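The values are calculated or read from the model by the stated rules, or taken from the named source; none is laboratory data. Because the structure is a prediction, the values reported are computed rather than measured. Quick reminder, even Gly has a Cβ in these numbers, built from the backbone with ideal geometry, and neighbours come from all protein chains shown. These accessible areas exclude ligands, DNA and RNA; they are computed on the full protein's heavy atoms, side chains included. Shrake-Rupley method; radii C 1.70, N 1.55, O 1.52, S 1.80 Å.
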Amino acid sequence: MSNTTSASAPSPLQAHLFIFVAEVMWGLSAPIAKDIMLQDFNGFQLVSLRIAGSALLFWGLSLLQNQQERVSRSDLAKLMLAGLLSIGFNQTLFTVGLDMTSPVNASIMTTMMPILTMFLAFLILHEPISTLKVLGIVCGATGAILIVLHSSHSGASRADSAEGDLLIIIAQFCFALYLTLFKGVLHRYSGVTCMKWMFTASLLFVVPFTAQSFRTFSWTGHTAAFWGGTAYVVVGATFIAYLLLMAAQKVLRPTVVSIYNYVQPLVACIASVLAGLGVFTWVHALAACLIVAGVTFVTRSKSRAQMLAEQKGASK
C-alpha cells in the first residue's frame, strides 16, 4: 500500500530561506567546479560524481529513517521522470552546452528559466501572468545579465556556439517543466524519498554516457583542495541544495522558486569580490537591487488560488 499522506512542509518563511540557501550553494559551486575541472575532472566526470554521490547519500539517509515510505508505481514513474528532467537531462545538457559555448553566453541563457517557468505555469497550471510577475522577472533578468556582462572579460571567453546555447536553453526548459509538473507528487512524500528515486533515475540515465570517461582517470596525486572542492560540489551543492529545493517546492509556487535563480550570478560576483578577484561597483549594486526587487515582485504576485478566493469573496 502506498503512502499518500502529505509530507510535512516548512513554513513560508522557511521555504524562502531554503531556496535562497540552495541558490547560494549553487552560485558558490560554479567557480569551485570550474577550478577542479581545470585541475583534472572533465564535465561528464563531475556530473557523474554529483549524481552518483548524491544518490548514495539519499539512499543512505533513507535507510536511517525509522519508517520507510512506500511509493505507488504511478508515483514512482512520476518521480523518476521528475529526476530525469531536473537532474539527468538538466545537468547533462547544461554541461555539454557549457563546453561548446562561452561562460558569458551560458550565464545569460540561464536567465530564461524563470521566464519559461512562468509561461509553462500559465499553460499547464493556469497560473495568471500578472503585471507584477512580469515586472519581477524582467527586473531579475536585467540584474543578472548586468552582472554577467559587467563581470565578464571578453579576452577570456571562448567562442560562442549556437548549438551550445540551444542545449543550455533546453536544459532550462527541462527544469522549468519539472517545477511546473510535479508539485503534486512531491507533496505526498518526504524530500528524502523523492530525491533518492529522482537521483536513481538520473544515475541510470547518465552512467552509460559517462562511465567510459573514468577509465583513464587517475584517483591519486590530487591535492586536498581538489578533493575538498569535489566534496563541496557533491555534498553541498547537490545533496544538501536539492534537499532544500525539495522542501521549498512543497510551499512555494513554481515561478517563485524559479525567480531565485537570479541569486546565483549575484553570489558568484560577491564571492569573487571577497576573494580579491574583483571589485564591487555601482553596476553590481544596481544589479543586486534589481534582483531583490524582482524576487519581491514575483513573491507578492497573486496566485490563481488567491484570485479565485478573492472573486468568490466578492461575489458573496
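Miscellaneous remarks
- The base-10 log of I(q)/I(0) for the range 1-133, evaluated at q = 0.09, 0.13, 0.19, 0.22 Å⁻¹, reads -0.40, -0.85, -1.49, -1.53 [Debye formula, identical scatterers on Cα atoms, solvent excluded].
- Accessible area expressed per residue, the chain, with surrounding protein chains retained (probe 1.4 Å, Å²): 48
- Full-extension gain in nm, Thr296 to Thr281, via 0.36 nm per residue minus C-alpha separation: 3.1 nm
- Accessible area of the chain belonging to carbon and sulfur atoms, whole % at 1.4 Å probe: 69
- Within the chain, longest stretch clear of exposed chymotrypsin sites (Phe, Trp or Tyr not before Pro) (DSSP loop, no more than 16 other Cβ within 10 Å): 1-216
- Seen from all directions on average, the range 206-265 presents a Cα convex hull projection of 6.3 nm².
- Coupling constants for the range 180-188 follow from the phi torsions by the Karplus curve (6.51 cos²θ - 1.76 cosθ + 1.60, θ = phi - 60°), and in residue order they are 7, 8, 10, 4, x, 5, 5, 6, 7 Hz; glycine and proline get x.
- Unsatisfied cross-links (Cα-Cα over 25 Å) in the set Lys78/Lys196; Lys34/Lys133; Lys78/Lys133: Lys34/Lys133; Lys78/Lys133
- P(r) histogram, all alpha-carbon pairs of the chain included - 20 Å bins from 0, percent: 31, 59, 10, 0
- Cα-centre dipole for the chain with unit charges at Cβ (Lys and Arg positive, Asp and Glu negative), debye to 20: 1020
- Contact order for the chain, expressed relative to its length and based on alpha carbon pairs under 8 Å spaced 6+ residues apart, stands at 39 percent.
- If you take all other residues with their beta carbon under 12 Å from the beta carbon of Leu79, and give Lys and Arg +1 and Asp and Glu -1, the sum is +2.
- Normalised contact order of the range 122-263, rounded percent, pairs of Cα under 8 Å and 6 or more residues apart: 47
- Note on His150 and Val235: the extension gain reaches 27.5 nm, defined as 0.36 nm multiplied by sequence separation minus the Cα-Cα distance.
- Trypsin sites (Lys or Arg not before Pro) lying in DSSP loop within the range 172-240, provided at most 16 other Cβ fall within 10 Å: Arg215
- Helix-only CD estimate at 222 nm, as mean residue ellipticity for the chain, using -39500 (n - 2.57) per DSSP H run (n ≥ 4): -23000 deg cm²/dmol
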